[in-house]
Amino acid sequence: MDTQNSTLNAKASPLISADLYRTVSITLPIVAFAFLIAIVSDVRSGQENPFDRVAHPLMFTALLALETVLLLMPRSYPYVTGAMLLGSSVFFLSKLVALLFFPSPGLNVLAEFTESFFWIPGIYLLAFFTTRLDRARLTGRLFVLLLVAISAGYGIIKSPDSDPSVLNALVQLNLANCTLFVLSGIVYRFANQHVRTVAHAQNLEHLVYVDALTGLPNRRQLERTLEEATHISNTTGFSLLSIDLDGFKSINDTLGHEGGDLVLREVASRLRDACRARDVVVRVSGDEFAAVLLDSREPEARLVAMRFLESLEQPLIIAGHPVQISASVGVSMFPEDGMDAPTLLRHADRAMYHVKQNGKQAVHFFASTGVASGSHND
């Protein structure tokens, strides 16, 4: 099991998931279809609105282009969602300016309000689909400020000659958007709190299941990995290697605890490099390590165990001095040597102690009879 901990940025939205990608890829054509309906409706009604004649086809084309880019290049998701947010904001603000300050003769401004501005809440929702919530919130803040500024400008400049119903619609539009922005801010804070909580939980899990000295999984993680492996490896089997360093106490006495810690870190690194990508190397305690070799039988286990021994042949350089280290390796096989984690651990340890008592620096396999063949690193 991989225990690597990925750092979460509290200012960033959750990592892009298949659900987010799918939602955006479905939303884009729906919004594009809405613009297509608006284009057809304008043509059939004969409505003369210069802004819509330009903006609607432009938005329709841009949305289809973004959908195409997203489908062909999924990694463009951050740029696509950012472009959606920015483009939508510019569209709504530009249309508001066109309606209030440059209306076409005979244009029903109130009808235009209901036709287009129903979609504005999408801006606040879209912010949570971007990869940077902080930037999305800044865009939303600027959008609301500009919306209020445009509306206030209209009220100051056009108020004496304006239609009271238009002024009322503007007031309602601004109040609704301010409310939506505040509510989205509350959701934003909850989202950030959730991300921080997840990050904190992952940090705690890291402390619980990872050895602080070597960065390897610890005994708790080993037990959890074995428990899972015994449930999913009934057909393929797996191997458990118990690895104990030879003569580490004398090294610790000679180099001191700091030097001993450096040796353990280097050994951990070499063991990790010597195993397969799907294997799990664990520091059990002190100078004792273990490895779970998933989907392995005796030949694979023997090969990896020998690689472990070979990886330690090259002297370690500690404080400028070469240090020679070796290890004794005991192996138990699932399901032959045990059907549960405690039994497998006990049998792997017994095989390892057999090596300790018979010359060290070798590999020994446990068998149901308690006797198995061994391999020395000659």
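At a glance:
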read-out: Tally, over segment 116-133, of residues that are buried (at least 16 other Cβ atoms within 10 Å of the Cβ) and over 13 Å from LEU85 (Cβ atoms); value: 2
read-out: GLY82 over 30 Å from SER104 (Cα atoms) and of a type outside the set (Val, Ile, Thr); value: yes
read-out: Answer residue from segment 323-347, given it is touching a strand residue (DSSP E or B) at 6+ places or on another chain (Cβ under 7 Å) and not hydrophobic (A, V, I, L, M, F, W, C) and is surrounded by the fewest Cβ atoms within 10 Å (Cβ to Cβ) among those; value: SER326
read-out: Residue under evaluation VAL171, criteria (1) crowded, with 16+ Cβ neighbours inside 10 Å; (2) in the same structural domain as PHE128 (by TED's automatic domain parsing); (3) more than 25 Å from the chain's Cα centre (by Cα), criterion not met; value: (1)
read-out: Residue check, LEU145 crowded, with 17+ Cβ neighbours inside 10 Å and either assigned by TED's automatic domain parsing to the domain that holds LEU93 or at positive phi (or both); value: no
read-out: Close pairs from segment 236-264: first assigned to a loop (DSSP other than H, G, I, E, B), partner aliphatic (A, V, I, L, M) and surrounded by fewer than 21 Cβ atoms within 10 Å (Cβ to Cβ), Cβ under 9 Å, at least 6 apart; value: THR236/LEU294
read-out: Search result, residues across segment 243-269 that are within 20 Å of LYS356 (Cβ to Cβ) and either within 32 Å of the chain's Cα centre (by Cα) or not small (Gly, Ala, Ser) (or both); value: ILE243, ASP244, LEU245, ASP246, PHE248, LYS249, ILE251, ASN252, ASP253, VAL263, LEU264, VAL267
read-out: Filter result for LEU226 (buried (at least 20 other Cβ atoms within 10 Å of the Cβ) and either more than 27 Å from the chain's Cα centre (by Cα) or assigned to a helix (DSSP H, G or I) (or both)); value: yes
read-out: Answer from VAL97, VAL80 - the residue that is in contact with an Asp or Glu (Cβ under 9 Å, 6 or more places away or on another chain) and at negative phi; value: VAL80
read-out: Pairs, first in the same structural domain as PHE92 (by TED's automatic domain parsing) in segment 109-128, second of a type in the set (Gly, Ala, Ser) and not in a helix (DSSP H, G or I), C-beta under 8 Å, six or more apart; value: PHE128/SER13
read-out: Residue count, segment 313-327 (criterion: out of contact with any Leu (no Cβ under 8 Å at 6 or more places or on another chain) and closer than 29 Å to ARG224 by Cβ); value: 0
read-out: Residue match in segment 305-318 (condition: basic (Lys, Arg) and touching a residue at least 60 places away in the same chain (Cβ under 8 Å)); value: no
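A quick yes/no check of all residues on (1) among the hydroxyl-bearing types (Ser, Thr, Tyr); (2) over 17 Å from LEU93 (Cα atoms); (3) assigned by TED's automatic domain parsing to the domain that holds LEU264:
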position: THR131; (1), (2), (3): yes, yes, no
position: SER165; (1), (2), (3): yes, yes, no
position: LEU175; (1), (2), (3): no, no, no
position: THR179; (1), (2), (3): yes, yes, no
position: ALA201; (1), (2), (3): no, yes, no
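The values are calculated or read from the model by the stated rules, or taken from the named source; none is laboratory data. It should be emphasised that the depicted structure is a prediction, and the values quoted were computed from it without experimental measurement. Quick reminder, even Gly has a Cβ in these numbers, built from the backbone with ideal geometry, and neighbours come from all protein chains shown.
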